[in-house]
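Worksheet: the structure to be examined is printed underneath.
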Amino acid sequence: MRILISAFLLLLSPFVLAKEIPDYPAKKIAPHTYMIEGPLGLPNAKNKGFMNNPVFVVTKTGVVVIDPGTSVYTGRMVLRQIRKVTKNPVTHVLDTHIHGDHWLGNQAFSEAYPKAILMAHPKMIAQANAGEAKQWLSLMSQLTKGATDGTKAVVPDKAIDNQHQFKTGGITFKILAPKKAHSGTDIMIHIVEDKVLVLGDNVLHKRIGRMDDATFRGNINACDVAINSGAKVFVPGHGPSGDVHIVKKYRTYLSTIFESVKVYIDEGLNDYEMKAKIHEKLEPFIRWSGYKDQLGKHISLAMLEAEKAMFE
Ligand SMILES: [Zn+2]
């Protein structure tokens, strides 16, 4: 019998191992705050869906995790990195927004720490429960060719909105949630004593974001809120962390498109003519991951928003 079981486990192990995410090192970016920088690009079979920036904060009494990634396997990888730094239990998990690459890793933490409090924007919770959680699970499975399969969507149940604040283990967490930014469900988290701001996908660095659920004006405003937050270290949703310049740079990308589109609409240009002119203004971004795929779409979305704004 034992031989049979071993043989069965041996057969099974390549499938289990195939889904494991290898360790990515956690980098200390402030006295209590660590970030695991995910690879750039979209979820695929090679990265097994891991491409965001999980963050954890080691307090005196516990650990606060932000955006534990795309799958239960990413979540477990994050937990392994936490274990290298502290034995403290995970007390809170915060999800920056509805997009599944940021929060489907929750499961790893609710399994290991059933008492952990899972928090997100009220609209994130509502949309996830209304069916988007399931949609994200199947999209991730499709994009990664099944590498995220086995993941369950564990939706947060504690709603936190703009200006919400809590203190745990001597560290203060302050929520900034400007409306209609990247997804309409976004929170940014200010880790006050560490002067760190976790931006979610309101800001990306070296990668161009999706604007499908965003507004340009809302997202530009979110950049301004971040710039004025008083933080010194900024963690984008994807790409390396940095100082306030990474926020200003992404703001430049968004405002260059939106402001140019407004001018060119007045001049009567069509979207194809605009694309060539706007491309010339975006030289600092042309090597960013996703630039070529997104530019045309971003111009169309900016045109729709600018035209709609004329009637407001
Ligand atoms: Zn997103």
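Rule-based calculations on the coordinates, nothing more; no lab input. If you're wondering where the values come from, they're calculated on a predicted model, not measured in any experiment. Counting neighbours? That spans all protein chains shown, and the Cβs are built from the backbone with ideal geometry, glycine included.
Over 19 Å between C-alpha atoms is what I'm after, so list which of Lys28/Lys87; Lys60/Lys115; Lys27/Lys232; Lys134/Lys206 land there.
Working: Lys28/Lys87 17 Å; Lys60/Lys115 17 Å; Lys27/Lys232 16 Å; Lys134/Lys206 29 Å.
From the list (Lys28/Lys87; Lys60/Lys115; Lys27/Lys232; Lys134/Lys206), the Cα-Cα distance tops 19 Å for Lys134/Lys206.
So, R0 is 22 Å and r is the distance between the beta-carbons of Arg83 and Lys248; what FRET efficiency does that work out to, to 0.05?
On the way: r = 36 Å, r/R0 = 1.64.
My answer for the efficiency is 0.05.
List the residues whose amide H sits under 5 Å from the amide H of Ile117, counting only those 5 or more places along or on another chain, with H placed 1.01 Å from N in the peptide plane.
His92, Val93
Counting only DSSP beta bridges with both residues in the chain, what percent are antiparallel, rounded to the nearest 5? Working shown, then result.
Working: 22 of 35 bridges.
Counting DSSP beta bridges with both partners in the chain, the antiparallel share is about 65 percent.
Quick check: Cα centre of region 238-266 to Cα centre of region 120-185, how many Å?
Spelled out, the Cα-based centre of one part sits 25 Å from the other.
Obtain the radius of gyration and the Kirkwood radius of region 158-205 from its C-alpha atoms and give Rg over Rh. Present the calculation step by step, with values, prior to reporting the outcome.
Values: Rg = 11.1 Å, Rh = 11.2 Å.
Using only Cα positions, Rg/Rh for region 158-205 is 0.98.
Place a +1 charge on the Cβ of each Lys and Arg in region 33-147 and a -1 charge on the Cβ of each Asp and Glu, then give the dipole magnitude about the Cα centre in debye, rounded to the nearest 20. Could the numbers behind the result be given before it?
Values: 12 positive and 6 negative charges, 83 e Å.
With Lys and Arg at +1 and Asp and Glu at -1, about 400 debye.
Subtract the Cα-Cα distance of Lys292 and Asp212 from 0.36 nm times their separation in residues, and report this length gain in nm to one decimal. Write down the numbers at each step before the final one.
Details: separation 80, 0.36 × 80 = 28.80 nm, distance 1.57 nm.
Additional length available on full extension: 27.2 nm.
Per DSSP helix of 4 or more residues, -39500 (n - 2.57); summed, then divided by the residues of the chain. What does that give at 222 nm, rounded to the nearest 500?
Working: 10 runs with 123 residues, N = 312.
Estimated from H runs of four or more residues: -12500 deg cm²/dmol.
How high is the FRET efficiency between Asp157 and Lys27 when r is their beta carbon distance and R₀ equals 51 Å, given to the nearest 0.05? Don't jump to the answer; show the numbers that get you there.
On the way: r = 31 Å, r/R0 = 0.60.
Taking R0 as 51 Å, the efficiency between Asp157 and Lys27 is 0.95.
With each label point set 7 Å from Cα along the Cα-Cβ vector, what nm distance links Leu139 and Ala276?
3.4
What nm distance separates the two modelled labels at Glu111 and Asn129, each placed 7 Å from Cα along Cα→Cβ?
2.4
Tell me, in nm to one decimal, what length is gained between Glu193 and Leu42 on full extension, where the rule is 0.36 nm per residue of separation less the Cα-Cα distance?
Details: separation 151, 0.36 × 151 = 54.36 nm, distance 3.29 nm.
Gain in length upon complete extension: 51.1 nm.
In which sequence would Trp103, Trp136 go, from the one with the fewest C-beta neighbours within 10 Å to the one with the most? Present the calculation step by step, with values, prior to reporting the outcome.
Working: Trp103 31, Trp136 22.
In order of increasing Cβ crowding within 10 Å: Trp136, Trp103.
Loop-only check: which chymotrypsin sites (Phe, Trp or Tyr not before Pro) in region 220-296 are DSSP coil with at most 12 other Cβ within 10 angstrom?
Numbers: sites: Phe234, Tyr250, Tyr253, Phe258, Tyr264, Tyr272, Phe285, Trp288, Tyr291; in loops: Trp288.
Of the chymotrypsin sites (Phe, Trp or Tyr not before Pro), not one in the loops of region 220-296 has a Cβ with at most 12 other Cβ atoms within 10 Å.
Exposure proxy check: Glu132, Glu111, Glu307 ranked by fewest other beta carbons within 10 Å? Can you show the working numbers first?
Numbers: Glu132 19, Glu111 15, Glu307 12.
Going from sparsest to densest Cβ surroundings: Glu307, Glu111, Glu132.
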